[in-house]
Amino acid sequence: MSLPVHPVEPVPEPTVRIARAAFRKGNLYLRMRDELGVLFNDTDFARLYPQRGRPVVSPWRLALVTVMQFVENLSDRQAADAVRARIDWKYALSLELDDPGFDASVLCEFRARLVAGGAEERLLDKLLEHFRDKQWLKARGRQRTDSTHVLAAIRTMNRLELVTETMRAALNELATLAPQWLGNVASEPWRRRYSQRAEQTRLPHGEKARQEYARLVGEDGRLLLNLLEEHPHLQALASVQTLQQVWERHFARSETGGLLWRPDAELARAATAIESPYDTEARHSNKHDLSWTGYKVHLTETCDPELPRLVTHVQTTVATTQDVSCTAAIQQGLADKDLLPARHLVDAGYVDADLLVSSQQQRQIELFGPTRFNPSWQAREGGYDQAQFTLDWKKRQATCPEGKVSTYWREYNQKPDNRPIVTARFSPHDCLTCPARAKCVRSEAGRPRALLLRPQAQQEALQQSRHQMSSPAGRQEYRKRAGIEGTLSQGVRRSDLRHARYRGLAKTHLQHVATAAALNIVRVVNHLDKKPLAHTRVSRFARLTA
């Protein structure tokens, strides 16, 4: 395929006339084209196409159709039909009324080019450039971030189904690429066990029978892997590599050389566990009472008064990635777009002492959110917790609420991650004779109170954040973070944000970027039409009882 770059054509006059007559009260896509103009150009995607080959559908149209597709949560076939049949879509795409459109497979091929070229973010970034030109977007304002779970486009399987289906997936790929070789090595038991999907097979009942079946599957997989050692080009296939990884996790070698089905307690941690041979990047995770297999998406949006709420950054991770490990990456992504906020509103999952300091010192961002709950029994039961001690960093001393001064102070790096730590310890005599010992120390062995502190900058930032969040003004400011929940809800209701359409982290991230771009289009048009922001819905009974 080749890409002859042409300027974007104006909307044909017949299309304008019919669209104006059909939508006298206005339309989302007509308003978008009239107010925002051309959102994408062919030059934005030129490097994704070779210079020789048959001409392709204009990439700017495919990019816009991809965004519009997520505005209405349409499938590829439905989006292609909308291009052929709908006047408002033809208006937005500068098409004649009799234009036949294109085949639905073209959208899939365009997404594949975006992913292969690492150009997923372009769908959102080009919109943000337009919004900045319109002065709807500014740096050093106020932004907020939150995440939600995303279910992978796979079937959740138990361990026995997983190993069976992994073996079956490897056999299917080998049957496609090396049918003659596989036909010579495949046995009749393989045909019985792996001809149908695992959920369509009558798996044995009872623990002993299931373990015996697992052992048979394990021996089949090991035999296949041994046979493939003589064929490196087949051994490098993705399904064979997946088979190897799954077998290493679920099976162990016995003393006699056979395979043993590992007990659940001996399995490797879920962060590295493959949950399906059809999406090897999906992970299983738990959060409170929620359990899911798939990914997690983090959305960041502006929340400045008098301006539309626009999604500025999207990050997709596997489900086991903690929110706190994404804060720095999100801020770096905003810095790359020159859209760093002055205040970043987040919940407790995104905050720790190191991030409070690094955000301020490296990027001049006030990371605003509650720190994690103090787990000490003193904090839970109203005793003398760490916040009630006075620290003198110059003298390297700590003073307790009863006026006693520490006698020991040491700074060192804690293993295994070499995190800098400060330990302050009080005199055993002072603690033993203290009338408030019950509020401070529970040890019956006469051990004194010891404080485990962060370095000065982190410790002071932590205390300042906790003091700020406990003040009425701080609690009022933090309430503005809750607006991001509405964005997640809108993404779920409008674009099915919590269900992955595609398999793999990169393709799922492209889905989330397109969803963010779609939300921005809707919000900008609503802002132009001066539609007020929706409030949280409250039932009539709840209003009555309030």
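Matching residues to (1) within 30 Å of ILE521 (Cα to Cα); (2) small (Gly, Ala, Ser); (3) surrounded by 18 or more Cβ atoms within 10 Å (Cβ to Cβ); (4) in contact with a helix residue (DSSP H, G or I) (Cβ under 7 Å, 6 or more places away or on another chain):
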residue: LYS404; (1), (2), (3), (4): no, no, yes, yes
residue: ARG410; (1), (2), (3), (4): no, no, no, no
residue: ASP417; (1), (2), (3), (4): no, no, no, no
residue: PRO420; (1), (2), (3), (4): no, no, no, no
residue: ARG454; (1), (2), (3), (4): no, no, yes, yes
residue: GLY483; (1), (2), (3), (4): yes, yes, no, no
residue: HIS499; (1), (2), (3), (4): yes, no, no, no
residue: LEU510; (1), (2), (3), (4): yes, no, yes, yes
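Give the residue that is farthest from LEU510 (Cα to Cα), with candidates limited to residues of the stretch 108-137 that are without any contact (Cβ under 8 Å) to a residue 40 or more places away in the chain and open to solvent by less than 60 Å² (accessible area, probe 1.4 Å). Within the stretch 108-137, the match that is farthest from LEU510 (Cα to Cα) is GLU109. The residue that is modelled with the highest pLDDT, among those in the stretch 163-200 that are open to solvent by 40 Å² or more (accessible area, probe 1.4 Å) and among the hydroxyl-bearing types (Ser, Thr, Tyr), is THR176. If you go through the stretch 309-358 and keep only what is part of a strand (DSSP E or B), touching a Leu at 6+ places or on another chain (Cβ under 8 Å), open to solvent by 10 Å² or more (accessible area, probe 1.4 Å) and within 27 Å of LYS134 (Cβ to Cβ), you end up with just HIS313.
When the residues of the stretch 203-250 are filtered to those that are over 27 Å from LEU177 (Cα atoms) and without any contact (Cβ under 8 Å) to a residue 40 or more places away in the chain, which remaining residue is most open to solvent (accessible area, probe 1.4 Å)? For the stretch 203-250, the residue satisfying everything is LYS208.
Here is a check on your reading of the model: is ALA534 more than 25 Å from the chain's Cα centre (by Cα), of a type outside the set (Asp, Glu) and open to solvent by less than 50 Å² (accessible area, probe 1.4 Å)? No: the conditions fail for ALA534. Every condition in (1) of a type in the set (A, V, I, L, M); (2) more than 28 Å from ASP352 (Cα to Cα); (3) at pLDDT 90 or above is met by ALA438 except one, and the failing one is (3).
Each row is one residue, and each column tells you yes or no for (1) modelled with pLDDT of 95 or more; (2) in contact with an Asp or Glu (Cβ under 8 Å, 6 or more places away or on another chain).
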{"site": "HIS284", "(1), (2)": "no, yes"}
{"site": "HIS298", "(1), (2)": "yes, yes"}
{"site": "ASP304", "(1), (2)": "no, no"}
{"site": "ARG309", "(1), (2)": "yes, yes"}
{"site": "HIS313", "(1), (2)": "yes, no"}
{"site": "THR317", "(1), (2)": "yes, no"}
{"site": "ALA328", "(1), (2)": "yes, no"}
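Report yes if some residue within the stretch 150-169 is assigned to a strand (DSSP E or B) and either out of contact with any Leu (no Cβ under 8 Å at 6 or more places or on another chain) or β-branched (Val, Ile, Thr) (or both); otherwise report no. The answer is yes; a qualifying residue exists.
The values are calculated or read from the model by the stated rules, or taken from the named source; none is laboratory data. From a predicted model like this one, the values you see are computed outputs, not experimental measurements. Glycine also receives a Cβ, built like all others from the backbone with ideal geometry; neighbour counts cover every protein chain displayed. Areas reflect the complete protein model, heavy atoms only, side chains present, ligands, DNA and RNA absent. Shrake-Rupley method; radii C 1.70, N 1.55, O 1.52, S 1.80 Å.
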